[in-house]
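> Attaching a single structure in structure tokens format; questions to follow.
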Amino acid sequence: MERYYQPEIETASREQIKQWQGERLVKQVRHVWDNVPYYRQKMQEKGLTPDDIKGTEDLHKLPFLSKYDLREAYPYGLMGEPLKNCVRIQSTSGTTGKRVVAFYTQHDIDIWEDCCARAITAAGGTDEDVCQVSYGYGLFTGGPGLNGGSHKVGCLTIPTSSGNTERQIMFIRDLSATILCCTPSYAAYLGETMKEMGLTPDQIPLKAGIFGAEAWSEEMRQDIQKTLGIKAYDIYGLTELSGPGVAFECSAQTGMHINEDHFIPEIIDPQTGEVLPDGEQGELVFTAITKTAFPLLRYRTRDICVLSREKCPCGRTHVKMSKPRGRSDDMLIIRGVNVFPSQIETVLLNQGYPANYQIIVDRVNHTDTLDVQVEMTPEMFTDSVGEIEKRQKELVNGLRAMLGLTAKVTLVAPKSIVRSEGKAVRVIDKRKI
């Protein structure tokens, strides 16, 4: 039997959802106009006032926000509440090392945790379950979001954070964890490790997993389900909008229901910005209609996907989004961390290297690898192994400080990276996603 955390909302009629969205959008636009001068100016440049927005049918008139705006307005320029009303920030890396910082009131956190509680309940979670949260805690939204959602459902919550695989497996077995929350690649790694320990799926207490923060294929899902003996559910979110729980998968496993009482989705043509009809593939845009501390209107996610309003057998009435099918920008997601080639370029140029480099991404033993090949200039060129190793180490440290993860760096001879006539091929992604 399908379970819901907030049945009256999750199975509400389309008319009811539309009514909530209209009322909340009008209120949010007024809130942003009154409290966020940065966005008010964007509206004024388009000749708009809050009176022009009477419901969701007027949403398309509003200006877009993008990562560029977040960078321009950093740190406080997009805040919609006084600092004294805010109780937390979460953060993720931005395009050039300037981080995206999102603010939360206690009410914003409650809403976010409700959304995560819906996801856990959709995966079969109840107050009888033991939920192990193996997403990173701290500035990253994965750990705090699912942790709060797990509390709301009433699960016994094990906040292991990421890493320390032996301890993760010990807790799963000793405390009989039934739900695992982490990145899909880490779930696959845990599964492989348990297999090597001689554990069969029926000896693993887990029954469900909620996996997100990076792209994963249907094949990878089947593989994880088989190895761990669980049902694996997808979850979607981004720091700018709150974190995981913007959308989540139900028992049908055919796309993720968007929490439409909090987020209005649109699909646009990434080139023209024109809104596309349901069923067409394009860039996903979100308007947060209940979040007051960091209230983003028409935020361009750069994720390419499709929306579907087909009736879902689970009984939920909220629209479904497909797994993101790619990006309309050049962001890579490595081990759950956002990585932009421009960040890598910034580190190289700061350390005196030319902008001739190649990023090779692969997945080895279910873990993403990041290899940056960098050309030396003729002046730098040396065949002293010690000198090359020293320089590589400096770059590894610089990249770790910028990206928050470790990359392998290989210095190569001048002119050895193939030059392109057109757009330089900076990224070679060998992962089968």
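The values are calculated or read from the model by the stated rules, or taken from the named source; none is laboratory data. These numbers were taken from a predicted model, which means no experiment stands behind them. So basically every Cβ, Gly included, is an ideal-geometry build from the backbone, and we count neighbours across all protein chains shown. Ligands, DNA and RNA are excluded from the accessible area calculation, which covers all protein heavy atoms including side chains. Shrake-Rupley method; radii C 1.70, N 1.55, O 1.52, S 1.80 Å.
> From the list Ile359, Ile428, exactly one residue is in a strand (DSSP E or B), open to solvent by 50 Å² or more (accessible area, probe 1.4 Å) and touching a residue at least 24 places away in the same chain (Cβ under 8 Å). Which is it?
On inspection, the qualifying residue turns out to be Ile428.
> Right, another one. Within the stretch 143-159, track down each residue that is open to solvent by less than 10 Å² (accessible area, probe 1.4 Å) and out of contact with any Cys (no Cβ under 7 Å at 6 or more places or on another chain).
Correct list: Gly143 only.
> Failed condition for Lys323, given (1) modelled with pLDDT of 95 or more; (2) in contact with a Cys (Cβ under 9 Å, 6 or more places away or on another chain), with all others met?
Every condition holds for Lys323 apart from (1).
> I'd like the full set of residues that are open to solvent by 70 Å² or more (accessible area, probe 1.4 Å) and either at pLDDT 95 or above or in contact with a Phe, Trp or Tyr (Cβ under 7 Å, 6 or more places away or on another chain) (or both), limited to the stretch 407-424.
If the condition is that a residue be open to solvent by 70 Å² or more (accessible area, probe 1.4 Å) and either at pLDDT 95 or above or in contact with a Phe, Trp or Tyr (Cβ under 7 Å, 6 or more places away or on another chain) (or both), then Lys408 is the only one that fits.
> For residues in the stretch 218-239 being touching an Asp or Glu at 6+ places or on another chain (Cβ under 9 Å) and not in a strand (DSSP E or B), which is surrounded by the fewest Cβ atoms within 10 Å (Cβ to Cβ)?
Gly229
> Restricting to the stretch 174-217, count the residues that are within 23 Å of Thr369 (Cβ to Cβ), buried (at least 21 other Cβ atoms within 10 Å of the Cβ) and of a type in the set (Ser, Thr, Tyr).
Looking only at that region, the number is 3.
> Spot the failing condition for Asp34; the list is (1) more than 17 Å from Thr290 (Cα to Cα); (2) not assigned by TED's automatic domain parsing to the domain that holds Val246, and only one is missed.
(1)
> Among the numbered criteria (1) at pLDDT below 95; (2) of a type in the set (S, T, N, Q); (3) open to solvent by less than 10 Å² (accessible area, probe 1.4 Å), which single criterion is violated by Ser162?
With (1) at pLDDT below 95; (2) of a type in the set (S, T, N, Q); (3) open to solvent by less than 10 Å² (accessible area, probe 1.4 Å) applied to Ser162, the lone miss is (3).
> Conditions: (1) out of contact with any strand residue (DSSP E or B) (no Cβ under 8 Å at 6 or more places or on another chain); (2) closer than 19 Å to Asp58 by Cβ; (3) surrounded by fewer than 16 Cβ atoms within 10 Å (Cβ to Cβ). Gly315 meets all but one. Number of the miss?
Failing condition for Gly315: (2).
> Do you know which residues across the stretch 131-142 are touching a Ser or Thr at 6+ places or on another chain (Cβ under 6 Å) and open to solvent by 20 Å² or more (accessible area, probe 1.4 Å)?
Tyr137, Leu139
Okay, residues lined up against (1) acidic (Asp, Glu); (2) assigned to a helix (DSSP H, G or I); (3) free of Cβ contacts under 8 Å to residues at least 40 places away in the same chain:
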site	(1), (2), (3)
Asn147	no, yes, yes
His151	no, yes, yes
Ser161	no, no, yes
Glu166	yes, yes, yes
Phe171	no, yes, yes
Cys181	no, no, no
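> Which of the residues spanning the stretch 183-203 are in a helix (DSSP H, G or I) and within 17 Å of Phe140 (Cβ to Cβ)?
Across the stretch 183-203, the qualifying residues are Pro184, Ser185, Tyr186, Ala187.
> For residues that are surrounded by 18 or more Cβ atoms within 10 Å (Cβ to Cβ) and in contact with a helix residue (DSSP H, G or I) (Cβ under 6 Å, 6 or more places away or on another chain), tally how many sit in the stretch 263-289.
The qualifying residues number 2.
> Check the stretch 377-387 and report whether any residue there is at pLDDT 90 or above, out of contact with any Cys (no Cβ under 9 Å at 6 or more places or on another chain) and in a helix (DSSP H, G or I).
Yes: the stretch 377-387 contains one or more residues that are at pLDDT 90 or above, out of contact with any Cys (no Cβ under 9 Å at 6 or more places or on another chain) and in a helix (DSSP H, G or I).
> I would also like to ask the following. Here is a check on your reading of the model: is Thr369 β-branched (Val, Ile, Thr), open to solvent by 40 Å² or more (accessible area, probe 1.4 Å) and assigned to a loop (DSSP other than H, G, I, E, B)?
Answer is no for this residue.
> Could you say which residue among Arg30, Arg40 is under 22 Å from Asp108 (Cβ atoms), in contact with a helix residue (DSSP H, G or I) (Cβ under 8 Å, 6 or more places away or on another chain) and free of Cβ contacts under 8 Å to residues at least 12 places away in the same chain?
Arg40
> Moving on. Give the number of residues within the stretch 76-108 that are of a type in the set (A, V, I, L, M) and crowded, with 20+ Cβ neighbours inside 10 Å.
The number of residues fulfilling the criteria is 5.
> Small (Gly, Ala, Ser), under 21 Å from Arg316 (Cβ atoms), buried (at least 20 other Cβ atoms within 10 Å of the Cβ) and in contact with an Asp or Glu (Cβ under 7 Å, 6 or more places away or on another chain), is that true of Gly125?
no
> Please work out which one of (1) open to solvent by 30 Å² or more (accessible area, probe 1.4 Å); (2) of a type in the set (S, T, N, Q); (3) within 30 Å of Tyr4 (Cβ to Cβ) is the condition Thr56 fails and give its number.
Result: Thr56 fails condition (1) only.
> Give the residue that is modelled with the lowest pLDDT, with candidates limited to residues of the stretch 275-317 that are of a type in the set (Asp, Glu) and assigned to a loop (DSSP other than H, G, I, E, B).
Per the criteria, the residue is Asp278.
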